[in-house]
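*Asks:* Quick one: this structure, given as structure tokens, is what I'll be asking you about.
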Amino acid sequence: MSRLRFMTANEVFETFPDLADDIRTPASLEPPPAFLRVLAAGDTPEDALTFAAYALARREAVWWGCQCVRSVADIVPGSEDSCLLSAEAWVRDPEDARRIEALRLGNESDRRGPTPWLALGAGWSGGNISLLGGAVVPSRPDMTPKAIKTAILVALARVGARERAQRLNLCVDGALRLMQHEGGQTA
């Protein structure tokens, strides 16, 4: 039995109607991995990154985003980037205290770089996203994918044109591996 979150690309677009504003290729009845490959081969391969951020479950999307940003931005393992480490810590142990810490770091950091967006992706993954005592602001389902998409695109924007396509393809390959794993297939 498949563990894929969505069985078709169309289901992803139906769940996130605003996705059609970001991706011009019309949704299809293809499984998400096949649609992702179509997008990656298209005129705007960045659309594949956007689609993957929405198609993956939030926790997997944050993990995938962290791996993409690490590889695209050449961030070495063991780096002391607090936003990145916080997002990765939440993926390993998705307790609410870790989510809130990621949210705090993402909100307090300079969002011109990619890693605060990873922290926000983890922080916006559910629950109350207000850091003000007593205020309750529920997370929306599209907040994590938007943050992860932004993190990866900001990282790619800092890469030279010669390397950009190769690094983008590495991110697409990572998303495909996660989707295939979710579907019970071998990568």
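The values are calculated or read from the model by the stated rules, or taken from the named source; none is laboratory data. Predicted, not measured: the structure shown is a model, and the values here were computed from it. All Cβ positions, glycine included, derive from the backbone under ideal geometry; neighbour counts span all protein chains shown. Side chains are part of the model used for accessible areas, which takes the heavy atoms of the whole protein and leaves out ligands, DNA and RNA. Shrake-Rupley method; radii C 1.70, N 1.55, O 1.52, S 1.80 Å.
*Asks:* Filter the trypsin sites (Lys or Arg not before Pro) in the stretch 111-159 to those in DSSP coil with at most 15 other Cβ atoms within 10 Å of their Cβ, and list the result.
*Replies:* Here the sparse-neighbourhood loop sites are ARG112, ARG158.
*Asks:* With an 8 Å cut-off on Cα pairs and a minimum separation of 6 or more residues, tell me the relative contact order of the stretch 1-100 in percent.
*Replies:* Dividing the mean separation by the residue count of the stretch 1-100 yields 20 percent.
*Asks:* If you stretched the chain out fully between GLU108 and THR15, how much longer would it get, using 0.36 nm times the residue separation minus the C-alpha to C-alpha distance?
*Replies:* 30.4 nm
*Asks:* So if I average 1/r over every pair of distinct C-alpha atoms in the stretch 101-153 and take the inverse, what Kirkwood radius in Å does that give?
*Replies:* Computed over the stretch 101-153, the radius equals 10.9 Å.
*Asks:* Using just the helices of the chain, give the 222 nm mean residue ellipticity in deg cm²/dmol: DSSP H runs with n ≥ 4 each add -39,500 (n - 2.57), and the total is spread over all residues, rounded to 500.
*Replies:* -19000 deg cm²/dmol
*Asks:* Probe radius 1.4 Å, ligands and nucleic acids ignored: give me the carbon and sulfur share of the accessible area of the chain as a rounded percent.
*Replies:* C and S fraction of accessible area: 53 percent.
*Asks:* Which loop-located trypsin sites (Lys or Arg not before Pro) does the stretch 1-47 contain, where loop means any DSSP state but H, G, I, E or B and the Cβ has at most 12 other Cβ atoms within 10 Å?
*Replies:* The qualifying sites are ARG3, ARG24.
*Asks:* For the stretch 110-150 and the stretch 49-74, what is the centre-to-centre distance using only Cα atoms, to the nearest Å?
*Replies:* Between the Cα centres of the stretch 110-150 and the stretch 49-74 lies a distance of 14 Å.
*Asks:* Quick one: net charge of THR8's neighbours, Cβ under 12 Å, K/R +1, D/E -1?
*Replies:* -2
*Asks:* Follow-up question, since we're still on this one. Excluding LEU156 itself, what net charge comes from residues whose Cβ is under 9 Å from its Cβ, given Lys and Arg +1 and Asp and Glu -1?
*Replies:* +2
*Asks:* Further question on the same structure: Comparing THR50, THR15, THR144, which has the greatest mean-square fluctuation in the GNM of the chain with Cα pairs linked when under 10 Å apart?
*Replies:* Greatest mean-square fluctuation among the candidates belongs to THR15.
*Asks:* With Cβ to Cβ distances under 11 Å as the rule, what net charge do the other residues near THR44 carry (K, R +1; D, E -1)?
*Replies:* So the environment of THR44 carries a net charge of -3.
*Asks:* Tell me the accessible surface of ARG98 in square angstrom (1.4 angstrom probe, heavy atoms of protein chains only), to the nearest ten.
*Replies:* Here the residue's solvent-accessible area equals roughly 100 Å².
*Asks:* Compute the normalised compactness of the stretch 67-159: alpha-carbon radius of gyration over 2.2 N^0.38 Å, N being the residue count.
*Replies:* After normalising by residue count via 2.2 N^0.38 Å, the value is 1.03.
*Asks:* Taking springs between alpha-carbon atoms closer than 10 angstrom, which of GLY106, GLY133, GLY121 fluctuates most in the Gaussian network model of the chain?
*Replies:* Result for the chain, Cα springs under 10 Å: GLY133 fluctuates most.
*Asks:* Based on the Cβ-Cβ distance from LEU29 to ALA57, what FRET efficiency comes out when R0 is 35 Å, to the nearest 0.05?
*Replies:* Efficiency, rounded to the nearest 0.05: 0.95.
*Asks:* Just the projected area, averaged over all directions, of the convex hull on the alpha carbon atoms of the chain: how many nm²?
*Replies:* Projected over every direction and averaged, the Cα hull of the chain covers 10.9 nm².
*Asks:* What does the accessible area per residue of the stretch 47-145 come to in Å², with a 1.4 Å probe and no ligands, DNA or RNA counted?
*Replies:* Heavy-atom SASA per residue in the stretch 47-145 reads 43 Å².
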